[in-house]
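What follows draws every value from the coordinates through simple rules; no lab data is involved. The shown structure was predicted, so the numbers you read here are calculated from the model rather than taken from an experiment. Using ideal geometry, Cβ is built from the backbone for each residue, glycine included, and neighbour counts are taken over all protein chains shown.
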Amino acid sequence: MSVTLSPELERLIAEEVADGGFTSSEAVLGACLYVLKSQRELRAAILAGLEQIENGQCSELDPVELLAEVRAKRQMSSAPQ
């Protein structure tokens, strides 16, 4: 596949590679596409949640309990495998 980029995008990609965060232009674009996909999935989840709220399909939540759950999930996802 061949893609034509604006000079500004080419410069931004080159800066990312030069900063050492990525090994190639392809890696920069791959990361960008991953973020775009994640953003779309998050937006869809938020919209689904808002629809559930509008339909009365929600319940009270305890912020302390929610924070504990988030911390536990984060620990599980960062644990070595």
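Given +1 on the Cβ of Lys and Arg, -1 on the Cβ of Asp and Glu, and no further charges, what dipole in debye does the chain carry about its Cα centre, rounded to the nearest 20?
The dipole of the chain has a size of about 200 debye.
With runs of 4+ DSSP H residues as the only contributors, calculate the mean residue ellipticity of the chain at 222 nm using -39,500 (n - 2.57) per run, divided by the residue total and rounded to the nearest 500.
Computed mean residue ellipticity for the chain: -24500 deg cm²/dmol.
Please give the direction-averaged projected area of the C-alpha convex hull for the chain, in square nanometres with one decimal.
9.6 nm²
Positive end of the dipole of the chain, charges at C-beta (+1 Lys, Arg; -1 Asp, Glu), about the Cα centre: which of Leu47, Phe22, Cys32 has its Cα farthest in that direction?
In the chain, that residue is Phe22.
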